[in-house]
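Below you'll find the structure, written out as structure tokens, and then a few comments.
Just so you know, all these numbers are worked out from the coordinates, no wet-lab data involved. If you're wondering where the values come from, they're calculated on a predicted model, not measured in any experiment. So basically every Cβ, Gly included, is an ideal-geometry build from the backbone, and we count neighbours across all protein chains shown.
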Amino acid sequence: MSAHASNANARISTRQITGRKGRDPIVCLTAYTAPMAEILDPICDMLLVGDSVGMVVHGMANTVGVTMEMMILHGQAVMRASRQALVVVDMPFGSYEGAKEVAYANAVRILKETGAQAVKVESGPTVAETIAYLTRRGVPVVGHVGLRPQAVLMDGAFRARGRNAAEHDCVIEEAKATASAGAFCVVVEGVAEGLAREITETIRVPTIGIGASAGCDGQVLVTDDMLGLFDWTPKFVRRYADLRGEITRAARAWADDVRSGAFPAPAETYFAKAKA
Ligand code: KIV
């Protein structure tokens, strides 16, 4: 049996996630690296290797430039360091919106090369057909509706969706089409509470909200936002730590010690062994 197969059996399954609809909330955080995955794995039901990695780790302005290679590399790191959470890897912009055969080949490559259990796609108007194609061929899919970060070049900015009647109906339709096409859960991002509740009540699979109120079946946040690594975070983020402050304090203290000669001390120094 391969390492991937034995590992997958110990993990929360896609079926278990779907079975949580309307029950205890699903807990999901993003993870991009092995150390973070190891810390978060026992705490979370799902770990999302989000394409937000492009902005959070690689300093990109948006997620459009994220590549298959980046997602696979980060997916592998998260899989190596986790044991129990269901791991989902984002399909990057351009890897699934065209021909469904290409989407299938890219999804299978992600699953095979990382060992993750599912992929996530941003469910624009044309993607339902692709989700059906993937799920019928054994690729578990998470959908993503509402604010779709990969659509930033069309939308012009990251902004909440569904706040007027036309957009509201469009987001509901996308969520319904995504669920009907076979997605086992749907991320709902950046929508008002009423719309999030309506989607959650309408579709038969769990909704996982980010900036989408308490009216969802679970919640996801970008871990680095929640840990306070950035000066600015969106309104919907609650900061549970001030890691930016902690890192700054620690780096300053170390730099001061180096400059004053207080680091390294004898306890942090190797000495030659005394001759016998
Ligand atoms: O890429 C990501 O981190 C995501 C979350 C914002 C849901 O898609």
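Quick notes
- Among the residues of segment 34-56, those that are more than 9 Å from the ligand (Cβ to nearest atom), of a type in the set (A, V, I, L, M, F, W, C) and touching a residue at least 60 places away in the same chain (Cβ under 8 Å) comprise M36, L40, M46.
- Single residue of segment 110-133 satisfying the filter (part of a helix (DSSP H, G or I), under 22 Å from A10 (Cα atoms) and more than 16 Å from the ligand (Cβ to nearest atom)) that is nearest to the chain's Cα centre (by Cα): L111
- In this entry, V78 passes the filter for residues that are touching a Phe, Trp or Tyr at 6+ places or on another chain (Cβ under 8 Å), farther than 27 Å from P125 by Cα and either acidic (D, E) or within 13 Å of the ligand (Cβ to nearest atom) (or both).
- Of all residue pairs spaced 6 or more apart or on separate chains, those with beta-carbon atoms under 8 Å, a first member in segment 170-195 that is in contact (Cβ under 8 Å) with a residue 60 or more places away in the chain and a second member that is within 16 Å of the ligand (Cβ to nearest atom) and of a type in the set (D, E, K, R) are C185/D217; V187/K120.
- Scanning segment 234-245 for residues that are part of a loop (DSSP other than H, G, I, E, B) and over 16 Å from G209 (Cα atoms) yields R239, Y240, A241, D242.
- For the condition within 16 Å of the ligand (Cβ to nearest atom), assigned to a loop (DSSP other than H, G, I, E, B) and among the aliphatic types (A, V, I, L, M), V66 qualifies.
- Criterion (of a type in the set (V, I, T) and surrounded by 23 or more Cβ atoms within 10 Å (Cβ to Cβ)) met by exactly one of T114, T33: T114
- I110 vs. criteria among the aliphatic types (A, V, I, L, M) and closer than 16 Å to V139 by Cβ: yes
- For segment 58-68, a tally of residues being touching a residue at least 60 places away in the same chain (Cβ under 8 Å) and either among the aliphatic types (A, V, I, L, M) or buried (at least 20 other Cβ atoms within 10 Å of the Cβ) (or both) returns 2.
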